[in-house]
Structures are given as C-alpha cells and as structure tokens.
Amino acid sequence: MKILQNYSLKEHNTFGMDVKASRFVEYDSVEELKVVVGGEGNCLDGKWIHIGGGSNLLFRGDYDGTVLHSAIRGCEVLKQDEQEVTLRVGAGEVWDDFVAYTVKNGWYGAENLSLIPGEVGASAVQNIGAYGTEAKDLIVSVETIEVATGKERVFSCEECRYAYRESIFKKEWKGRYIVTHVTYRLHRQPVFNLEYGNVRSELEKRGCELTLENVRRIIIDVRQAKLPDPKVQGNAGSFFMNPVVSRAQYEALQREYPDMPHYELEGGDVKIPAAWLIDRCGWKGRQWGRAGVHDRQALILVNRGGATGEEIMELAGKIQEDVCRKFGVQISPEVNYI
C-alpha cells in the first residue's frame, strides 16, 4: 500500500490541474482495501474520494482529504465456450489496455469503446459508452467493498440500474461501495456494431476488411482526429452528456431546426447531440480566459494553459445558459466537480 501526504494530483487528472490532496492512498489488493476502509489502518476517518484515471474529474482546488486509487490489476478468463468468454478484470486496469487485450484475443464487444480514457472500475460506475455500445452491454457483475463495513458484495448488472452515463453507484449508493473487479461477457463469434457514427463509412472508404483490428483502428483514428491529447492540452473528453428530450419537444425543435441530428430511444424519447447544440450557439473554438472550447469538437472544454477549475466551471455554466436560452434544452456536465 502507498500512503503519501500533501500529494500532487497533476498526473491524476486529465485537465492537468496542479492541485494537491492532503493524503493519497493507493492499494493493490482487496485485502489492502479492507484495511483502508476499516480496522487499525482506517484511512477514511474524514473527507475522502475515490478516483480512477482522473478523466472525468474537475478539481476546483486543493483537496483537503484523502484521495483513494486502485492498483488492483489482472485479467482472468473465468469460462469460455464456442460462443462467449467471461473475464474478471481488476478495477485498476487501464480501460483501453483491456480493450486492446480483447481485440488481440479475437473477442468481440468492447472494440467500439476503444481509446476511452480511464480505468476498468470507472467503466462500471460511469457506464461509459461510445459508437452505440455501453459498458452495461458487456458487464455481468461488479465486485465491491462496502465502505461502512469492509464486507465484499457482488452486484449483478441488473442491480446496478444502468442508464445513459448512469448507475446506482452514482446515485443512491454514491460513496457506499468501492469497485474492486468487474466481470464482462464478450462474444467469440463475429458480432459488430457499425451503425453509430461513421464507422461503417470509414471502413468502406478505406476498403478495409471487416475485422476487430480494423474497427478498433478506425475508432481510434476518428477519436484522435476529434479529441485533443490531454497530455498536450488538458481536457476530460466529452464534458457534457447528450440531452434526452420528449418526442413532443424534439418535434417542436425539429420544425425550427430541420438539420438537427438525433437518435431515437426506446420508449419514444429522443437524444440530441450536445455538441451540435453547443456549436449552433457559436461556442466551438471560443476562448474564455485560460479555458476554451475545442476547435474541432464543441463537446470538449480545454485547459489552454494555467486555467483553474473555477474558470472551466464558469465557461461550462455560460454554455449551459446559452443552450437553454436558444433551444430550451438543459445540458448537464458528465464531468464531476470536486
């Protein structure tokens, strides 16, 4: 176990905020985590948070408490047959390393989630998603430690109550459980999801054979073309969630904005790309102090150098106000303010 005082979090958040935690604790086993949350080694006797890769966080300043981080790694094949393979993965594994591992082994299902930053544990909390695939589509179960008791508890995918960028770990059970392992089920026979975004058209344009490796490469290329490298320009990827509106509200907007893209959802609701709304409000490429909106993807707020968390929050608030004023639609941050 690693316990550090007055620890810089600059390398633990992709916005590159140079803030400090009063205490930083990194554990590499379930047994060590049990010590962290209870017993003589209890590190959670005050304010605390648990972070992954820091790709979904915006620190407003120094954190006067304990920051926990998992170093539980490993990927174990629990069972497989001709159709499926079930894998148990440590929460501290880098998500894209896991995706690359599945592609290398010819297992289908995770390739659309290539290059999403963060760690495996966060996939189960945030229900990460891209190109028509969400983590919930792959998750079988989530292993956790209950903070109050130090007891192990396993949740089925259904018990996690997944929705768009949501889970029960972000709502009713926020702060109650810490994820230690996630079990995923993948296909061993070819199953692709090419209907979202421009994946299929890119395959056709390049004349590529339909393979796992080619789908992953295209998704990586598309993401890299749109998304700035956080090591060069601090950002947290998509800052806002795509809003979901009623059918009636969508139809009213569509009459005024016939070119508005949308995605039909079960139950009749409609998802509208937040990037389109922000772009139509004129924010793409604009600067706000030392913060700004990326010039190729309006969904991404960037640290142009030396920005504070408060500056980025202020920019986000201005964007939300403009979108609501113009379209009557509320957009919400996907990023957590700390």
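Remarks
- Number of residues in region 284-338 that are in a strand (DSSP E or B) and either under 25 Å from Gln126 (Cβ atoms) or of a type in the set (A, V, I, L, M, F, W, C) (or both) equals 10.
- Restricting region 95-143 to residues that are crowded, with 24+ Cβ neighbours inside 10 Å and in a strand (DSSP E or B), the residue that is modelled with the highest pLDDT: Val142
- Criterion (farther than 23 Å from Pro117 by Cα, open to solvent by 10 Å² or more (accessible area, probe 1.4 Å), modelled with pLDDT of 95 or more and charged (D, E, K, R)) met by exactly one of Glu321, Glu266: Glu321
- In region 174-194, the condition of being of a type outside the set (A, V, I, L, M), within 29 Å of Tyr27 (Cα to Cα), crowded, with 17+ Cβ neighbours inside 10 Å and in contact with a helix residue (DSSP H, G or I) (Cβ under 6 Å, 6 or more places away or on another chain) is met by at least one residue.
- Listed by first and then second residue, the pairs with beta-carbon distance under 6 Å, at least 6 apart or on different chains, first residue in region 89-105 and farther than 16 Å from Ala130 by Cβ, second part of a loop (DSSP other than H, G, I, E, B) and small (Gly, Ala, Ser), are Gly90/Gly74; Gly92/Ala71.
- The lone exception for Ile338 - which of (1) modelled with pLDDT under 95; (2) open to solvent by less than 20 Å² (accessible area, probe 1.4 Å); (3) aliphatic (A, V, I, L, M) it fails: (2)
- Only listed residue being charged (D, E, K, R), over 20 Å from Lys136 (Cα atoms) and buried (at least 16 other Cβ atoms within 10 Å of the Cβ), chosen from Arg217, Arg165: Arg217
- Condition met for Leu203 (more than 15 Å from Thr133 (Cβ to Cβ), among the aliphatic types (A, V, I, L, M) and at pLDDT below 90): yes
The values are calculated or read from the model by the stated rules, or taken from the named source; none is laboratory data. No experiment lies behind these values; they were computed from the predicted model shown. So basically every Cβ, Gly included, is an ideal-geometry build from the backbone, and we count neighbours across all protein chains shown. Surface areas here come from the heavy atoms of the whole protein model, side chains and all, with no ligands, DNA or RNA. Shrake-Rupley method; radii C 1.70, N 1.55, O 1.52, S 1.80 Å.
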